[in-house]
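The values are calculated or read from the model by the stated rules, or taken from the named source; none is laboratory data. These figures come from a predicted structure and were not determined experimentally. We place every Cβ from the backbone using ideal geometry, glycine too, and count neighbours over all the protein chains shown.
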Amino acid sequence: MSHTEQPTAANAALLDQFIDTLWLEDGLAKNTLAAYRSDLALFAGWLAAQRNDLQSVVEADIRAYLASLHQDPQRPAPKPASQRRLHAALRRFYRFLLNQGRIQHDPMLNIDQPRLPQRLPKTLSERDVETLLAAPDTATALGLRDRAMLELLYASGLRVSELVNLKLFELSLDEGVVRVRGKGDKMRLVPLGEIAANWLAQYLRESRPILLKGRACDEIFVTTRNPAKVDCPAGGMSRQMFWLLIKRYALQAGIHKPISPHVLRHAFATHLLNHGADLRVVQLLLGHTDISTTQIYTHVARERLKQLHEKHHPRG
């Protein structure tokens, strides 16, 4: 059944009101609001083809629509994450209508959220990490910068966006910590460790002035390229540039596993747990709001412990 019909004018206006309310009350990100509106507009278009209306929907209508998404030969079945987002959009929309008194019963009340299949994060062995960290040529200004970035990423478990946006005033080498602005503008203090602190100190002393050539920049990690940011004439490192760098160093180090900056974040968490760190501590260091997000690393660590047991225990 086709999903290309347009929502009626009344339904389109209703969706606009809902999205405006979400933005005003919850301050959701623009991308989230756009995704919700797109999901609901497709649903409204499907309803229009059924001569039905958003405010007249019953539970059976929603179940029929969800089933139709897996039966349309013209489009691939939605991914689990997309299904969960659609469920969230529908749930919030019908709660909005209920609170407004536009409907008397919530048609989403008995529809469970689809479960996401558990995906274990890709990670690296400790030997792989050591090889990767040693790949940059630290005799050059760029190589020293890259070594400092890799060391900091592995020592702190930062997200790549947090890493490239770090400012000089957020780093305290004396105390061995970095002040990180994470998701939702939440601040956290993360220890650096002695090795990463030493590489950072050497980079700031020897390499950064060469790259800046007398220009000013608040970002810790700078490039020699044209400015990417108005407030950083020297051009701060971008996420995309660092992603390319880490891929290049992985190939140079003979690491042929899929790798990205996020893989070092995964390695940070997994290696901490392998060495006995408390899950709550890892949660704080990663900046996870919910510990359930951190718990996935326990599965990675458990698999590693099982492998070690099988390899080294006489009855493994």
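Among the residues of segment 1-55, those that are more than 26 Å from the chain's Cα centre (by Cα) and aromatic (Phe, Trp, Tyr) comprise 18, 43, 46. Among the residues making up segment 194-250, those that are surrounded by 14 or more Cβ atoms within 10 Å (Cβ to Cβ), among the small types (Gly, Ala, Ser) and modelled with pLDDT under 90 are 228, 234, 235, 236, 238.
Residue check: residue 151 meets all listed conditions (1) part of a strand (DSSP E or B); (2) in contact with a Phe, Trp or Tyr (Cβ under 9 Å, 6 or more places away or on another chain) but one, namely (1). Residues that are surrounded by 20 or more Cβ atoms within 10 Å (Cβ to Cβ) and either at pLDDT below 90 or farther than 21 Å from residue 238 by Cβ (or both) were ranked within segment 166-180; the one that is farthest from the chain's Cα centre (by Cα) is 178. Within segment 66-107, the set of residues being modelled with pLDDT under 90, outside any helix (DSSP H, G or I) and buried (at least 18 other Cβ atoms within 10 Å of the Cβ) comprises 69 only. Within segment 170-220, the set of residues being part of a loop (DSSP other than H, G, I, E, B) and on the phi < 0 side of the Ramachandran plot comprises 173, 174, 175, 182, 186, 192, 215, 216, 217, 218, 220. For residue 112, the conditions (1) touching a residue at least 12 places away in the same chain (Cβ under 8 Å); (2) under 28 Å from residue 81 (Cβ atoms) all hold with the exception of (1).
Considering the conditions (1) modelled with pLDDT of 80 or more; (2) in a helix (DSSP H, G or I), residue 259 is excluded by exactly one of them, (2).
Please enumerate the residues belonging to segment 29-65 that are loosely packed, with under 15 Cβ neighbours inside 10 Å and either within 17 Å of residue 82 (Cβ to Cβ) or basic (Lys, Arg) (or both). Listed by number, the residues that qualify are 29, 30, 31, 34, 38, 51, 63. Taken over segment 7-36, the criterion of being in contact with a Leu (Cβ under 8 Å, 6 or more places away or on another chain), assigned to a loop (DSSP other than H, G, I, E, B) and under 24 Å from residue 183 (Cβ atoms) is satisfied by 28 alone.
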